[in-house]
Structures are given as structure tokens and as C-alpha cells.
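Data block below; observations after.
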Amino acid sequence: MRSNKQPIGTNGLKMTNSKSKYQLICGLEIHAELKTKSKMFCGCVNDPFGAKQPNIYTCPICLGMPGGLPVANKQAIEWTIQLGLALNCKIHLFSKFDRKHYFYPDLPKGYQISQYDQPFCFDGFVETSQGKVAITRVHLEEDTGKLLHKTSGGHKVTLVDFNRGGVPLVEIVTEPEIKSALQAKELAQYLRQIIRYLEIGDCNMEQGGMRLEANVSLSPNGQLPNYKTEVKNINSFRFLEQAINYEIGRQSDVLDKHQTPPQETRGFDAGKGVTFSQRIKETAADYRYFPEPDIPPIRFTKTQVERLQAGLPELPGQVRTRWQRQFNLSPSLVNRLIISQAQTELLDGVWQMASRDKLSPTKLADWILNQPKFLKQSFSAHQVIDRYQSETKTEKVDEKELTQIVQQTLIQFPSEVQRFRSGERKLLGFFIGQIKPQVSASADIKQISSIINQVLNH
């Protein structure tokens, strides 16, 4: 029996499957590491996940030692601007880096070189299935080190690996215009797709190459409330959706008691499916931002920005629209096929050859998606079409011969025959599996199905 009650979380708070009387006020902060050869402000190797030992890709600059002077990575800056352009952002022709002060063991300088009031990119937007979401800013900063919690000599200790410290980290901040947890998930997935498509980051979420943060509040009237809860360091899209839905339920309970949720930073326990308090949330004033004195301000010309704009490939949204219009491919198929620029180029040729040879691009797309390793190999469009035709080619079998094979096979499965005749129609697939090897690997499934139905319904 289906219950109409809302599901209850492990701490007794209501989760959100039904419409809340409060409106979600939500924005995202997405952090993604850029895959430049060197770090953001020094010449150390940018390969924190491939390092064979802790702290081998470090130097006085990224370790914050006295006398180390940072030099900005040009490639990282240009990639950040291209990402902003891909997200419909405007570009500041005058920009700078700032110092963001906070004290934590993974930040050796006691401050992070980031951007505050003049980021490289601002005022963009992304279209989602639930409407447009504005992009507040896309800025560039350095990543922190990584804390490792271990037991040594019977004592719990925390170790620090600074191989990741100083890696270029791009941050995308949205306006609080996200209407649902599902929209937040869709937007985050699209941002990862764009970063990968531009070939500027791998966004490996299991390793921490991309981290998701959600700023969640609720409002009875759609106006910005006087509090904000930030759920930090989420490493999967599914967990992002779960965390936001959990917060809607938790904050609804607090507001129902005529209380205001505290402005705080929370973590997400994926095992329990709940968020938990970490600390009272800092404000911008707490970070004591001021311009980075060791890096001069950065100026761009319109010509430089236009050059970066011209260097962008056809973006996933443009490819999606074109494939739907030209080849009548459904949005669901297209979204799963747009992975990289190289794959888009290959599939463009495949769809064009399919249309020329009067093959169905939709059937071809389905076939490709059912072979996940296929596109990772090096094939030309012509080879893809040849393999598809070879593997999907069917041939008619002599009907009299096929009928005899079907009759002889069905005799061996009286129980299954009776169940089929009693309405268990899914057994048709079982019968096909028994008969097809006896005829031909390329036998027409529709013909086999037709003969089986004729024999069983006789």
C-alpha cells in the first residue's frame, strides 16, 4: 500500500517530495581545477593526483615561504576567460588578484590568492530546462593543500599534502535563482560538460578535481531572506540533489517554529543522507580582502578578448540544437553523445553518412550508446557506419525451416509455453534467445518473433 506521508530522514526531519509552502532560494558555487602544465603562481608541476609521493611538487612560492614571489599563469587566465565567454559572461578589461585571509592547516600562507571585486568574468547566464540561471562571476584562484586524517603510533593525526596547493582553481558562482534541487543538478552537470568540452579541466569529482557547494535558503514570498546556509564540498551530482532536498526539509521545520535557521556552513553525510553543522559562516569582511601586492593588475584589450572568443569551439548547446534540427535526434540522445570536441567531429560525419545512406540516425545513436567502449577507440565515420551495418544486418530465414525449429524448441519448454499462453508475454525474449543461435546470428528478430507467436497462438 502506498503511503501519502513524506519520507522521514534519519534524524526525523521531513524530506521533500511534495511541494513546500516555502520557495527555494538557491545558488551554486562550483570549483574546478584547470589542467595547465604548471601551478597557478609558480613553475611546480600541476599533477596532484599523479604524484608518487606527498609534497614533491612544491617550492617556496606555493609553500608560502618568505621571499617567494608569485607570477600568474597566462594559460590559466586565458582558459578562465574562455570559460566565462562560453557561459555568456562579460569580461573585465581591468582585473586583479586579491588576498583572502583565513587560517587553516592546508593554507600555508595564511591567505589564498583569489579574486574579489573585479573577477575576470561577470554577468553571464546558463539556460536550463527550468529556465535561465544567471552567472554572477567566474574567477580564478589557487587551490589549497589536502588534509589526510590517519592513525600513527596509536594516535590520530592529520597530515598535509601540498602537491595540490597552488593548482589553478576556477570558481563559478551563480545568482540565487535555482528553483529546485533537480535544476541545481542539471546546471552543475552542464558546467562540468562545458569545462570538459573546452578541454581545460578533467573535473574528476572522486579525486576532488571538481567540488560543488550549494547556498540554500527558504522564503515564503520569494524575497531574499536574512540568512544563508552553505553546504560545502559535495562530490557528486546525486549528493548535491539530496543535500538541497534535505536542507529544504530541515529549514522548513525551523521556519515552521517561527525561528530563523543560523547562517552557517554545513557538510553532507552521504551515508546517512543528512547535512551537519560545521561552523558559523564567515562574511566577506571576515576574510579581510585586499589587492595582492605582489601581482600587478591585469589589463586586456577588446582585441585580446575577441581573439579568445574566436578560439572557442562550437559549444554543446549549439551542437545540440543543430543535431536536433538537421538529424531529428532527441534531446535525451544528444545530451548523452556530446562528450568532447573530437567525438562531436566524428559523430557529425557519422550522421551525415547515415543520412546519405538512408540509415536512421536515431537507431545509429542508440546502437552507439549501447557500446560504451566503442567511441573510446580510434575510428573514422566510415568505419563506424561499416561496423554498425555489419552488426545490425539481418537476413530472412526460410519460413518452413524456421517454423520447424520453433516447434521443436518449444516442445522442450512446456512450462514456459503454458506461462506465456497465460499472459506472461515477457517470455518471448527467452524463446528468441533459445531459437536465434540455431538459425543465424544475423537472423531477423521480427521474423523469429512472428513465427513464435504464430506457433504459440495456433
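Things to note:
- Every condition in (1) more than 29 Å from Lys21 (Cβ to Cβ); (2) surrounded by 17 or more Cβ atoms within 10 Å (Cβ to Cβ); (3) of a type in the set (D, E, K, R) holds for Lys228 except the one numbered (1).
- Residues considered: Tyr246, Tyr287. Of these, the only one that is buried (at least 16 other Cβ atoms within 10 Å of the Cβ), of a type in the set (Ser, Thr, Tyr) and closer than 20 Å to Tyr102 by Cα is Tyr287.
- Selection count, region 378-415, where residues are surrounded by 11 or more Cβ atoms within 10 Å (Cβ to Cβ), assigned to a loop (DSSP other than H, G, I, E, B) and modelled with pLDDT of 90 or more: 2
- Residue check for Gly317: under 17 Å from Gln193 (Cβ atoms), assigned to a helix (DSSP H, G or I) and of a type in the set (Gly, Ala, Ser): yes
- Taking the criterion of being farther than 15 Å from Glu29 by Cβ and touching a strand residue (DSSP E or B) at 6+ places or on another chain (Cβ under 8 Å), the residues of region 265-281 that qualify are Asp269, Val274, Thr275, Phe276, Ser277, Gln278, Arg279, Ile280.
- Which numbered condition Pro261 misses (of (1) touching a helix residue (DSSP H, G or I) at 6+ places or on another chain (Cβ under 6 Å); (2) more than 28 Å from Tyr116 (Cα to Cα)): (2)
- Region 133-160: number of residues that are among the hydroxyl-bearing types (Ser, Thr, Tyr) and surrounded by fewer than 15 Cβ atoms within 10 Å (Cβ to Cβ): 3
- Hits in region 120-156 - residues which are under 18 Å from Gln53 (Cα atoms) and of a type in the set (A, V, I, L, M, F, W, C): Leu147, Leu148
- Top-ranked residue of region 153-211 - restricted to ones that are under 16 Å from the mean Cα position of the chain (by Cα) and β-branched (Val, Ile, Thr), ranked as farthest from Val126 (Cα to Cα): Ile200
- From the list Tyr104, Tyr116, the lone residue that is out of contact with any Cys (no Cβ under 9 Å at 6 or more places or on another chain), of a type outside the set (A, V, I, L, M) and modelled with pLDDT under 95 is Tyr104.
- Ser129 vs. criteria within 20 Å of the chain's Cα centre (by Cα) and modelled with pLDDT under 95: yes
- Residues of region 180-199 classified as assigned to a loop (DSSP other than H, G, I, E, B) and within 11 Å of Ile244 (Cβ to Cβ), total: 1
- Check on Pro293, modelled with pLDDT of 90 or more and in the same structural domain as Ser129 (by TED's automatic domain parsing): yes
- Single residue of region 326-358 satisfying the filter (in a loop (DSSP other than H, G, I, E, B) and modelled with pLDDT of 90 or more) that is farthest from the chain's Cα centre (by Cα): Asn328
- Strands (runs of 3 or more DSSP E) fully within region 200-276 counting 1 or more residues that are touching a Cys at 6+ places or on another chain (Cβ under 6 Å): 210-219
The values are calculated or read from the model by the stated rules, or taken from the named source; none is laboratory data. Every value quoted in this text rests on a predicted model; they were computed, and no experiment measured them. So basically every Cβ, Gly included, is an ideal-geometry build from the backbone, and we count neighbours across all protein chains shown.
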